[in-house]
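S.K.: Dropping the structure in here first, questions after.
The values are calculated or read from the model by the stated rules, or taken from the named source; none is laboratory data. As the structure is a computational prediction, the values presented were derived from the model and not from experiment. For neighbour counting, all protein chains shown are included, and Cβ atoms are generated from backbone atoms with ideal geometry for every residue, glycine included. Areas reflect the complete protein model, heavy atoms only, side chains present, ligands, DNA and RNA absent. Shrake-Rupley method; radii C 1.70, N 1.55, O 1.52, S 1.80 Å.
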Amino acid sequence: MNKKLIIGGALVLFVLGAVMGNYAIKLLRQPPAPSVATQSLIGSAMPQFSMLGLDSVREDINQWQGKVRVINFWATWCPPCKREIPDLIELQTSYGNQGLQIIGIALDNRAAVSEYVEESGINYPILLGDEAVEVAEKLGNDMGILPYTVIVDQLGNIAYVRYGEVQRNTLEREIKKLL
């Protein structure tokens, strides 16, 4: 095979990899704005669903009706997801008695989630199961990005959606509007 062709091909792959890697890093730092379809969910009633909790008991999302719900889709293998969790723990502690309920939905296997919940001290319910991706899509995650966060008001209407990592001050501001 021609040595120049091999080197040229390797160079093209290197440049393509660098560009795509740069895009992936940018995507992690600055996720896209929610799509028009996702934005159109704001103000609409949250779809109803139930999922298994870590204790294998089926939990209905309606059990938290009347509370401001922050629904956070995450996974143990997702670094931005793991960076958000301490803030979610603190927000649940600070605002739980004022009507806030954080709910984590893990797109991961039960053993990994159980271990991570134990070591990180998560103080809010975690749901998981095969239907997690379908539930995320119903709640507007049409891009399959993690983490993904939805805030639901006390009446059960979607008030906020966010692809990617969300900062504590942003979450706190959105929660305070609804409490």
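S.K.: Would you rank Leu100, Leu41 by solvent-accessible area, highest first, keeping every protein chain in place and using a 1.4 Å probe? Before the final figure, lay out the partial values.
M.R.: Values: Leu100 0, Leu41 40 Å².
Result, largest first: Leu41, Leu100.
S.K.: Name the residue farthest towards the positive end of the dipole of the stretch 57-130 from the options Gln65, Pro86, Gly104, assuming +1 on Cβ of Lys and Arg, -1 on Cβ of Asp and Glu, about the Cα centre.
M.R.: Gln65
S.K.: Please compute the contact order of the stretch 74-172 in relative form: average sequence separation of alpha-carbon pairs under 8 Å and at least six residues apart, divided by the residue count, as a percent. The partial results should precede the final answer.
M.R.: Values: 119 pairs, mean separation 29.3, N = 99.
This gives 30 percent for the stretch 74-172.
S.K.: What is the stretch 20-179 by shape, rounded, prolate or oblate, if you read a ≥ b ≥ c off the alpha carbon gyration tensor as root eigenvalues and call it rounded for a/c under 1.5, prolate for a/b larger than b/c, and oblate otherwise? All intermediate terms of the calculation are to be shown ahead of the outcome.
M.R.: Numbers: a/c = 1.27, a/b = 1.07, b/c = 1.19.
Rounded is the answer for the stretch 20-179, as its axis ratio a/c remains below 1.5.
S.K.: How do Thr38, Thr93 stack up against each other in accessible area, from largest to smallest, with a 1.4 angstrom probe? Walk me through the intermediate numbers first.
M.R.: On the way: Thr38 0, Thr93 100 Å².
Output order, biggest surface exposure first: Thr93, Thr38.
S.K.: Shifting gears a bit: With the other protein chains left in place, how much accessible area per residue, in square angstrom, belongs to the stretch 108-179 at a 1.4 angstrom probe?
M.R.: Numbers: 3360 Å² over 72 residues.
Accessible area per residue, the stretch 108-179: 47 Å².
S.K.: In terms of modelled amide H atoms, which long-range or inter-chain residues lie less than 5 Å from the amide H of Asn157?
M.R.: The answer is Met46.
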